[in-house]
Each structure stands twice: as structure tokens, then as C-alpha cells.
Amino acid sequence: MSVALCTTSHSPLIGLNDPDPAVRTEVDRVLGSARDFVQDFDPELVVIFGPDHYNGFLYEMMPSFCVGAAATSVGDYGLPKGPLHVDRGAAYDITRSALSAGVDVAMSEDMQVDHGFVQPLLFLFESISSVPVVPIFINCVAEPLGPAIRSRRLGQAVGRAIGAMDRRVLVVGSGGLSHDPPVPRLQEAPDEVVERLIRGRNPSPEQRATREGRTVAAAAEFAHGSQAYRALNPEWDALVLDSLVRGNFGTVDEQPNEWFVEEGGHSAHEVRTWIAAYAALAEQGPYTVRSSFYRAIPEWFAGFATTTASSNPPPTSSESK
């Protein structure tokens, strides 16, 4: 058994509203290095913690956490549609481990996932079905939200499950850091948007294109200095990265939910996926961060970051003396 980690921001605006070419080249280089790290590790299973943006999970039934025993990409923002290669047995093992630890998780035999899961898989692999995966949804946008520390407890339970597997397991966290794009909020939305947030599964291509076009336009406005959206917060992003790199989870996940919004914006709650991923890695023992990259990219509505890490090998007999 060995465990490695890759956490990364995602953005559906990649390729649709890109920053200066030099910035895009830099990000591509970083993601290429992350892919090389993953290829060298050669995972036999990928456990990916990701959010949703009212594509697969709506208010008709909104769990805090859900493990997918089968999953299909909805193909938003021109990304590939179709099934992920889900390891059903591993999904059930992880679910049992979480429930035994007192972490309430839902189970889905028909999970729908959007760019929050699909983009990281494409960053790291040739396709969304290249490697066996277990997708684990963490609600990061639909209020009310539970305390962030529950994501750490979820990650710990998942870490115990994968630690018992005789496999090379890559843990992925997808989301964050500071960003506040125009994701609708139920309490403030007009009636037609409320209806979509509750029962708007599987929109028509025209409806999806309209929604996505609004996001692209908003990002262009934000990048040109619009004050209609909350600014990115590189200082807060640095605090989050440092806390996770050092394993000081409480600095972040013991804060109230309001702190995340005030410091990083409503969608900053996506750092819950990073908390869960790092907690799963930490459950194996001490770890070493192999790479860490950060850049604020307003064109993508993102404090964009990518890290890689791996568990430290056990000490040899001579080292332990």
C-alpha cells in the first residue's frame, strides 16, 4: 500500500477566457509536472473529492457527502460526456468505512458529475475513464453547509479505508481556492432560478449554453476590473496552502463558515475537498509536499493552485534505532 496526493483548482473557463499566454503556459507546465508525478506513482485507484455546481446535485436531495458507485460526466463547458471507470467494490468499502466512523455519507449508483470532477481527471490522465476511480462529492455551495471540520473527518475515514487496501492509491482534491463566481444562491434567487436549483437536472443544450455563456461573460468583466464580484484573496490562499502543507488543519477547518465567505468568497468552501484529501493522506502518517504552485487568475475566477504530495516511507530498522 502506498498513497500519493494531487490537489488542484479547476475552472470551466480554461480555454474559454484565458489569461495572458505566458500565464497559461506556466499553468500548463505545472499541470504537466503534476501529471508526470502521477504517472511515476502509477496509481491503481484514484479517490477524488470534488464539488458540484448544480449539475449533478440539486436541492431536490442535497447530501453533505456522497460516494459514487457509478458515475457519469454531464459534459458541461464542452468537456467529455460519458461514464467514469468507477471501482464499485472500492466505493462500497469506503462507504462502509465512513459510516463505521460515524461520518454520514450518501451512496449513489447513478452519480452525475460536472467539471469539478472531470477537469482534474483530464489534467492528470488521458481520459475520464483511464483509471479506476471512486468519486466522492462534497457539498461546497448549497447552503446550509455543515462545519468544515466534517470534511476532515470524512477524509480521515477514507484514509483508513484506502490504508487497508493493498494498492497504490492517488487521492485528488478538486476546487478552490478563493473565488466567488456568479453561482446562484437559493435564498436570493428569483423563482425561475429556484425551480432550476431544485429540479433543473439535465437541462437542454440551449439552456446549458445560455447558463455557461453568462459565466464566461462574467469572468471577462471580472478580469477587466468589474467591482460586481468579490476580489481574489492571495493572502488567504497562502494561509490555506501553508496550513495544509504543514498539516495544521485546524487553522482552516475549525473556522466558522462565515470566515470562508468573508475571506475567500462563497465558492471558497471548495477548499473542503483539499481538507478531505490531505486528511486522507495524513491518515497514513507523515507526508512530504513535493510541489506547490499558486497564482491568482481572475480570467478563470480563481485563486489557482496545484500541489502534489506523498506519504513518507516507513523508517528502516537502522533509522528507527
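Annotations
- The Rg/Rh ratio of region 50-132, with both radii computed over alpha carbons and Rh defined as the Kirkwood radius, is 0.97.
- Normalised contact order of region 2-311, rounded percent, pairs of Cα under 8 Å and 6 or more residues apart: 31 percent
- Dipole size of region 62-142 about its Cα centre, with +1 on Lys/Arg Cβ and -1 on Asp/Glu Cβ: approximately 40 debye, rounded to the nearest 20.
- 222 nm mean residue ellipticity, helices alone, for the chain (DSSP H n ≥ 4; -39,500 (n - 2.57); rounded to 500): -12000 deg cm²/dmol
- Gyration tensor verdict on region 16-76 (Cα atoms; rounded if a/c is under 1.5, prolate if a/b is larger than b/c, oblate otherwise): oblate
- Taking a ≥ b ≥ c as the square roots of the eigenvalues of the alpha-carbon gyration tensor, region 100-140 is classed prolate because a/c is 1.5 or more and a/b outweighs b/c.
- Length-normalised contact order of region 242-321 in % [C-alpha pairs under 8 Å, at least 6 apart]: 22 percent
- A rounded overall shape is assigned to region 2-311, the ratio a/c of its alpha-carbon gyration tensor axes (a ≥ b ≥ c) being less than 1.5.
- Residue among PRO314, ALA157, LEU177 farthest towards the positive dipole end of the chain, charges placed on Cβ: PRO314
- Nonlocal amide H pairs with ILE297, under 5 Å, H built at 1.01 Å: ALA302, GLY303, PHE304
- Phi-based couplings in Hz for region 92-100 (Karplus 6.51, -1.76, 1.60; Gly and Pro marked x): 5, 4, 5, 4, 4, 5, 5, 5, 5
- Gap separating the Cα centres of region 124-155 and region 1-70, nearest whole Å: 10 Å
- Simple rule: put +1 on each Lys or Arg Cβ and -1 on each Asp or Glu Cβ in region 178-321, find the dipole, and look at GLY264, VAL216, GLY250; the Cα lying farthest toward the positive end is VAL216.
- Summary of packing: across the peptides 174-180, 40-46, the per-residue average of other C-beta atoms within 10 Å ranks them, highest first, as 174-180, 40-46.
- For the chain, size of Cβ-based charge dipole, Lys and Arg +1, Asp and Glu -1, in debye: 640 debye
- Each peptide among 234-241, 181-188 gets the average number of other Cβ atoms lying within 10 Å of its residues, and from highest to lowest they stand as 234-241, 181-188.
Where a number appears in this text, it was derived from the coordinates with a stated rule and is not lab data. Note that this is a predicted model, so its numbers are computed, not measured. So basically every Cβ, Gly included, is an ideal-geometry build from the backbone, and we count neighbours across all protein chains shown.
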